[in-house]
Amino acid sequence: MAKSVVVFLADGCEPLEVVAPVDALRRGGVDVVLASVKDDLAVRAAQAVTLQADAPLSALDLTGFDMAVVPGGSVGVENLGRNARVVAELTRRMEAGEYVAAICAGPMVLARAGLLNGRRATCYPGCEEGWPAGVYQPDTDVCVDDNLVTATGPGTALPFGIQLLRTLEGDAAADEVAAGMLVK
């Protein structure tokens with residue numbers, strides 16, 4: 001049975017941080033659902049890019065997914081952080097040791113919910129303000145800490161996606177997709 005991932009989408013999200021990881025995951029055979037936090041499936045991302053979600057968050061049972069992903073984009077992150085269901089699901093997953101991934105400003109949602117205590121994570125430089133001591137890993141593009149995968153920003157979106165695939169499907173699948181996409 002294929003692994004499954006939910007990617008939370010809100011207006012203002014960073015489109016590259018959605019599309020690149022989703023592309024890598026789907027090439028690796030992972031089922032990905034883009035979940036809009038609003039009932040409208042058209043999500044107005046940053047840079048005037050419109051993304052089409054697969055389903056509204058309100059229609060999904062989130063417990064069946066193997067991983068939840070929080071893309072960045074400062075406005076998108078603010079919108080995701082205000083969504084009680086997103087925060088509750090991230091909290092449940094972190095407490096249960098289930099996979100959570102966040103990129104760019106996305107880890108700020110986790111930090112504001114108190115979910116990064118005792119963890120290692122990275123983010124877009126400057127978004128780590130107020131994090132607990134020792135959490136921020138400034139010299140790491142993609143950081144893996146047990147069930148938590150974080151990355152720095154748009155330029156690391158594809159390596160982030162390859163790491164998510166590696167986490168879910170293993171080295172062989174990730175290496176095959178990376179080679180096919182000419183990722184070094």
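The label point for residue 140 and the one for residue 4, both projected 7 Å from the Cα toward the Cβ, are 3.0 nm apart. For residue 149, the residues whose amide H sits under 5 Å from its own are 100, 101, 102, ignoring neighbours fewer than 5 places away on the same chain, with H placed 1.01 Å from N. Each Cα pair under 8 Å and six or more residues apart adds its sequence gap; the mean of these over the residue count of segment 1-105 is a relative contact order of 33 percent.
Shown here for segment 58-141: trypsin sites (Lys or Arg not before Pro) in loop regions (DSSP other than H, G, I, E, B) with at most 16 other Cβ atoms within 10 Å, namely 82, 120.
At 0.36 nm per residue, minus the direct Cα-Cα distance, what do residue 42 and residue 117 gain on full extension? Give it in nm, one decimal, please.
Numbers: separation 75, 0.36 × 75 = 27.00 nm, distance 3.46 nm.
Taking 0.36 nm per residue and subtracting the Cα distance, the gain is 23.5 nm.
The H on the amide N of residue 36, modeled in the peptide plane, is under 5 Å from the matching H of 9, 54, 55, 57, each at least 5 residues off or on a different chain. For segment 130-184 versus segment 51-96, the spacing of their alpha-carbon centroids is 19 Å.
Count the net charge of all other residues whose Cβ sits under 15 Å from the Cβ of residue 92, scoring Lys and Arg as +1 and Asp and Glu as -1.
Taking every other residue near residue 92 into account, the sum is -3.
Expressed to the nearest 5 percent, the antiparallel share of DSSP beta bridges inside the chain is 25 percent.
Per the Debye formula with a single identical scatterer at each Cα and no solvent contribution, what log10 I(q)/I(0) holds for segment 4-180 at q = 0.08, 0.13, 0.20 Å⁻¹? One equal scatterer on each Cα of segment 4-180 leads to -0.20, -0.55, -1.42.
Applied to segment 38-51, the Karplus parametrisation 6.51 cos²θ - 1.76 cosθ + 1.60 on θ = phi - 60° returns per-residue 3J(HN,Hα) values of 10, 6, 6, 7, 7, 10, 8, 7, 5, 6, 6, 9, 9, 9 Hz, with x for Gly and Pro.
Build a GNM of the chain with springs between Cα atoms under 10 Å apart, and of 55, 24, 101 the one that fluctuates most is 55.
Here, each number is a calculation from the coordinates, and none is a lab measurement. Only a predicted model underlies this, so the values are computations on that prediction, with no experimental measurement involved. Because the Cβ atoms are built from the backbone with ideal geometry, glycine has one as well, and the counts that use them run over all protein chains shown.
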